[in-house]
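Worksheet: one structure, shown below.
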Amino acid sequence: MIFLSKIYVKYKSGISDPESINILSALDKLGFNNAKNLSTGKFFELTIESKDLKSAKNEIKEICNQLLTNPVIEQYSFDVYEFNQ
Amino acid sequence: MKFGIIVFPGTWSDKDCKYAVSDNLGQKSKYIWHKESDLSGIDSIIIPGGFSFGDHLRVGALAQVSPIMNSIRDYVKKGFPVIGICNGFQILCEAGILPGALIRNKNLKFKCKWVNLQISNNNTIFSSETDSKKILKIPVSHGEGNFQVDPKTLNKIENSENVVFRYCDSDGKINSESNPNGSINNIAGIMNNKGNVLGMMPHPERACNSNLGSNDGNLIFQSMINHVNK
């Protein structure tokens, strides 16, 4: 079976992200004073072949832990869908 | 002694490092391509600066899966000295050989300038030739040199005196004005617990001759040479 995964990566709380701080400050300058918090991050779409949903999720976790994220500074979440080509 | 200088696609300071240790300090050296794995006969390794694999994904992230990195992990376990400079430091962190990570500079600017370094620990393989009171003048050249680490690991690094260099002003004072990138505790260079791996953002190879503006970088390479020749 082919699965499509959408993977979201952002800095862990406690890691000061200078890019987010500067974007938030720019929003403030534009008058969007209601904007209080902002996180930047990365988005990946990955298709993966696997025997079932559980195995697909396990492999995606491994991929995230070993390469797509740096666990020292980043956290991730993902959604997985059965992919019908 | 013989230095091994690791070269990844996108490495750019390899020739400067060779100049610093061979032309300048008279030591043997050899470029080692990242797909190689043989480190026999190499007394010490330099992982130079640059943009390995175009900094894709994260700085150092793709280099850490190159074949040479498994050999470097074994080499480190055996106790040989390894210095990672700039992108080399980022690679060592991504590989888990050094703690922490390097993220975008606080003001989002690429910084290419001379900095002053306070020697926090001169009792190491990499700093034994320095005087703890001396302020080193060495340039930085990076966009992602902002060293970050979780509070628990930071305590461990500080308590075990694994911080070797900190950004300071010309009087040796540690303050935010002298910190070029926002690194926590002004950290510019750290070593592993065993003390045989140093990662630093400033470029000692670009401060190896007074014609370049400083020769303070020689003290770091000379410390390594003296350690190997002991």
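Per-residue HN-Hα couplings for region A:67-81, Karplus 6.51 cos²θ - 1.76 cosθ + 1.60 at θ = phi - 60°, whole Hz, x for Gly and Pro?
So the Karplus estimates, Gly and Pro as x, are 9, 5, 10, 9, x, 5, 10, 10, 10, 9, 9, 8, 10, 10, 10 Hz.
I need B:M224, B:M200 ordered by Cβ neighbour count within 10 Å, fewest first.
Ranked by crowding around the Cβ, least crowded first: B:M200, B:M224.
Connecting C-alpha atoms closer than 10 Å in a GNM of chain B, tell me which of B:G143, B:G26, B:G199 has the biggest fluctuation.
It is B:G26.
Could you give the distance between the Cα centres of region A:24-85 and region B:151-165, to the whole Å?
About 31 Å separates the Cα centre of region A:24-85 from the one of region B:151-165.
To the nearest 500 deg cm²/dmol, what mean residue ellipticity at 222 nm is calculated for chain A from DSSP H runs of n ≥ 4 alone, each contributing -39,500 (n - 2.57), summed and divided by the residues?
Per the formula, -8500 deg cm²/dmol.
Charges at C-beta only: +1 for Lys and Arg, -1 for Asp and Glu. How large is the resulting dipole of the protein assembly as shown about its Cα centre, in Debye rounded to 20?
300
Name the trypsin sites (Lys or Arg not before Pro) in region B:137-193 that are in a loop by DSSP and that have at most 16 other C-beta atoms within 10 Å, would you?
B:K173
Given B:L25, A:Q75, B:F3, which one lies farthest toward the positive end of the charge dipole of the protein assembly as shown, if we put +1 on the Cβ of every Lys and Arg and -1 on the Cβ of every Asp and Glu?
Positive-most Cα among the choices belongs to B:L25.
Give the angle, between 0 and 90 degrees and rounded to the nearest 10, that separates the Cα long axis of helix A:18-29 from the longest principal axis of the Cα atoms of chain A.
Helix A:18-29 sits at roughly 50 degrees to that axis.
Expressed as a whole number of Å, what is the distance separating the alpha-carbon centroids of region B:81-103 and region B:1-54?
Centre-to-centre distance over Cα atoms comes out at 15 Å.
Ignoring everything except DSSP H segments at least 4 long, calculate the 222 nm mean residue ellipticity for chain B; use -39,500 (n - 2.57) per segment, divide by total residues, nearest 500.
Computed ellipticity for chain B at 222 nm equals -5500 deg cm²/dmol.
Which net charge results for the neighbourhood of B:N105, defined as the other residues with beta-carbon distances under 14 angstrom from its beta-carbon, given Lys and Arg at +1 and Asp and Glu at -1?
Net charge in that neighbourhood comes out at +1.
Counting pairs of alpha carbon atoms under 8 Å apart in space and at least six apart in sequence, what relative contact order in percent does chain A give?
54
What residue among B:M201, B:M69, B:M191 shows peak mean-square fluctuation when chain B is described by a Gaussian network model with Cα springs under 10 Å?
Of B:M201, B:M69, B:M191, the most mobile in the Gaussian network model is B:M69.
Which of the aspartates and glutamates could a cross-linker bridge to B:K106, judged by Cα under 13 Å and excluding same-chain residues fewer than eight apart?
A:D17, A:E19, B:E144, B:E177
List, in order, the whole-Hz ³J(HN,Hα) value for each residue of region B:156-171 obtained from phi through the Karplus relation with A = 6.51, B = -1.76, C = 1.60 and θ = phi - 60°; use x for Gly and Pro.
Calculated HN-Hα couplings, in order: 4, 4, 5, 5, 8, 6, 8, 7, 9, 10, 10, 5, 9, 8, 5, 9 Hz.
Taking GluC sites (Glu not before Pro) as exposed when DSSP calls them loop (any state but H, G, I, E, B) and at most 15 other Cβ atoms lie within 10 Å, what is the longest stretch of chain B free of them, the sites themselves excluded?
Maximal segment without exposed cleavage sites: B:37-160.
Calculate the dipole size of region B:2-228 relative to its Cα centre from +1 charges on Lys and Arg beta carbons and -1 charges on Asp and Glu beta carbons; express the result in debye to the nearest 20.
160
Taking H placed 1.01 Å from N in the peptide plane, check which residues at least 5 places from B:W33 or on another chain put their amide H under 5 Å from its amide H.
B:V7
When the Kirkwood radius is taken over all Cα pairs of the protein assembly as shown, what Stokes-Einstein diffusion coefficient follows at 25 °C and 0.890 mPa s, in µm²/s?
Translational diffusion coefficient: 119 µm²/s.
Tell me, rounded to the nearest percent, the portion of alpha carbon pairs in region B:2-228 spaced more than 31 Å apart.
11
Going down the list A:K6/A:K61; B:K18/B:K137; B:K113/B:K137, which pairs span over 18 Å between their C-alpha atoms?
B:K18/B:K137
Can you list the trypsin sites (Lys or Arg not before Pro) in region A:3-74 that are in a DSSP coil and have 11 or fewer other beta carbons within 10 angstrom?
Counting only loop positions with at most 11 other Cβ atoms within 10 Å, the trypsin sites (Lys or Arg not before Pro) in region A:3-74 are A:K36, A:K51.
Every number here is computed from the coordinates shown, using simple stated rules; none is lab data. Treat the numbers as computed from the prediction; the structure is a model and nothing was measured. All Cβ positions, even for glycine, are placed from backbone atoms using ideal geometry, and neighbour counts span all protein chains on display.
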